[in-house]
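Peer 1: Sharing a structure below in structure tokens format, with a few things to ask.
No value in this document is a laboratory result; all are computed from the given coordinates. Here the structure is a predicted model, which means the values were calculated and not measured. When we count neighbours, we look across all protein chains shown, and the Cβ atoms used for this are built from the backbone with ideal geometry, even at glycine.
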Amino acid sequence: MRRVKLCLALGGVLVVGAACVSGMRPSELDVFGREFLTTLQRGDSAAALNRLDPGLTTWTAQAQLMAVAESLRLWAPDSTHLVGWNVVESAGRSQAALTYEVHGAHGWALVGLQVQKRREGQRVTGMQLVPRVSSLREENSFTLVGKSAGHYLVLAGAIASVLFTLCAAVQVATSSLQRRWLWVFVSLLGIGQLGINWSTGQLFFNPVYFRLFGAGVERGGEFAPWIVVVGLPVGAAYALWRAKQLPPQAPAPTTPGSARAAA
């Protein structure tokens, strides 16, 4: 059976925001979305049409819906995970974009649903199914294989920034600076950030940003890509400069008694 490739949108183009998480997990909308996908996979067109927005109950929308339902039946999903969501509240209604990762007989796919929650209930306003080569966990795993020079430069800069700030903090902590523990905190601050999406290689820059240790590695969720960021260790450099401006400490004076005792 050949691999089915389908990318249909009901009532407009829906961009699937894979692993994009905004706010708390929308449990109620998630239940509705899973029930709608199960209805499509089961082939219950009447129940699926009842969950559509009234503006989409046209012959064209029904034909598209049946095509998506047929694709889900052929896909025969054996697992479904909510991997991304974005919910916007406005004027007593909610507009949500839900992204599901499904796995079945033909591999992996992302299914995007646009759902509108009103007083009278929830309705689907858009849908999209996009086949994928592998799972999001695999695509967004942290690996050093096959990366660009930009990946390695940002990662090396992040490691160097962390090492420099830690070394500076130790030197400041053992110095004679007044309020040296405040200066230790200053030495751990990095300013600005240059980041890279480890999966896509997309770079971003924010000149006004403060980060401990001047670098970091983070991700927005279980299925999200890793983000590596590095900043300038300005705090560490300034704290070290202040420590070097201190006059050298004179050796402790020795008394005749202590000198005879040493002899």
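Peer 1: Could you give the distance between the Cα centres of the range 54-89 and the range 187-229, to the whole Å?
Peer 2: 35
Peer 1: Can you tell me the Rg and the Dmax, both Å, for the Cα atoms in the range 92-177?
Peer 2: Cα radius of gyration and Dmax of the range 92-177 are 23.6, 69 Å respectively.
Peer 1: Each residue of the range 111-124 in turn: what ³J(HN,Hα) in whole Hz from Karplus with 6.51, -1.76, 1.60 and θ = phi - 60°, glycine and Pro shown as x?
Peer 2: Listing the rounded values in order: 10, x, 10, 9, 10, 10, 9, 10, 5, 7, x, 10, 9, 7 Hz.
Peer 1: In percent, how large is the relative contact order of the range 149-244, given Cα pairs closer than 8 Å and 6 or more residues apart?
Peer 2: Relative contact order for the range 149-244 comes out at 36 percent.
Peer 1: May I ask you to order 157-170, 196-209 by the average number of other C-beta atoms within 10 Å around their residues, highest value first?
Peer 2: Taking the mean over residues of other Cβ atoms within 10 Å, the ranking is 157-170, 196-209.
Peer 1: Loop-only trypsin sites (Lys or Arg not before Pro) in the range 123-203, please: DSSP not H, G, I, E or B, and at most 11 other Cβ atoms within 10 Å.
Peer 2: Passing sites in the range 123-203 are 179.
Peer 1: Still on this structure: Any chance you could tell me what percent of the C-alpha pair distances in the range 123-244 go past 25 Å?
Peer 2: 39
Peer 1: Amide H neighbours of residue 199 under 5 Å, at least 5 residues apart or on other chains, H built in the peptide plane: list them.
Peer 2: Amide H to amide H, under 5 Å and 5 or more residues apart or across chains, residue 199 pairs with 226.
Peer 1: Cα atoms only: what Rg and Dmax, in Å, come out for the range 21-138?
Peer 2: So, for the range 21-138, Rg and Dmax equal 13.9, 42 Å respectively.
Peer 1: Oh, and also: Pairs of Cα atoms under 8 Å, at least six residues apart: use those to get the relative contact order of the range 63-179, whole percent.
Peer 2: 15 percent.
Peer 1: I would also like to ask the following. Can you put 24, 66, 127 in order, fewest other beta carbons within 10 Å first?
Peer 2: Taking fewest neighbouring Cβ atoms as first place, the list is 24, 66, 127.
Peer 1: Taking the Cβ of residue 99 as the centre, find all other residues whose Cβ is under 12 Å away and add up their charges (Lys, Arg: +1; Asp, Glu: -1).
Peer 2: Net local charge, residue 99 excluded: -1.
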